[in-house]
Amino acid sequence: MLNSLVFVHETLLFLYTGFAMSCLFCKIVDGSIPSKSVYEDELCYAFADLHPQAPVHILVAPREHIASMDDTDKSDTALLGHLLWAASEIAREKGLVKGYRLVINTGEDGGQTVDHLHVHLLGGRPLSWPPG
Ligand code: 5GP
Ligand code: ZN
């Protein structure tokens, strides 16, 4: 029984590590792929989007690999709150006094293209609504 639990645990750890090692944003967070750093702390890393959709377009990603909002649970609430706080702190630092938008694309219909949870901070121009 214990042996099979250890096997299951090690298999899950292997799969998780494999996903994280092949993840673009994990590589940006650990510095093995270069990025333009904007803010970092023990929980998150924020960097400029490679294809900015607004004068300010920054991505705030958790250091931990979480694929999407669909992979979060109640134990992630403090981390998710921290990501939103970090984005608002960056917005203040960037002087976005007229406002800004925080977006978390999730899954195929949500338009998510990188499977590592991230908050988009968009600002510096009026943003239309509804989104496409
Ligand atoms: P999503 O579509 O998943 O919500 O957002 C992914 C974002 O990552 C896109 O806005 C895209 O421009 C950005 N992105 C994709 N590859 C890279 C990269 O290698 N470096 C940086 N800085 N941003 C990237
Ligand atoms: Zn990742």
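We did not get these values from a lab; they are worked out from the coordinates using the rules stated. As the structure is a computational prediction, the values presented were derived from the model and not from experiment. FYI the Cβ positions are ideal-geometry reconstructions off the backbone, even for glycines, and counts take in every protein chain you see.
Site pair residue 32 and residue 113 shows an inter-label distance of 2.3 nm when each label is modelled 7 Å from Cα along Cα→Cβ. Volume of the convex hull of segment 19-111 (Cα atoms only), normalised per residue: 117 Å³. I'd like the distance separating the alpha-carbon centroids of segment 115-131 and segment 53-80, in whole Å. One Cα centre to the other: 13 Å. Placing pseudo-labels 7 Å out from each Cα toward the beta carbon at residue 78 and residue 39 gives an inter-label distance of 1.9 nm. Rounded to the nearest 0.05, what FRET efficiency do residue 102 and residue 22 give with R0 = 25 Å and r taken as the Cβ-Cβ distance? Could you check? Once the sixth-power term is evaluated, E becomes 0.40. With the simple spin-label model, which puts each label point 7 Å out from Cα in the Cβ direction, the residue 94 to residue 125 separation comes to 1.3 nm. Relative to the Cα centre, the charge distribution of segment 4-123, modelled as +1 at Lys and Arg Cβ and -1 at Asp and Glu Cβ, gives a dipole magnitude of about 540 debye.
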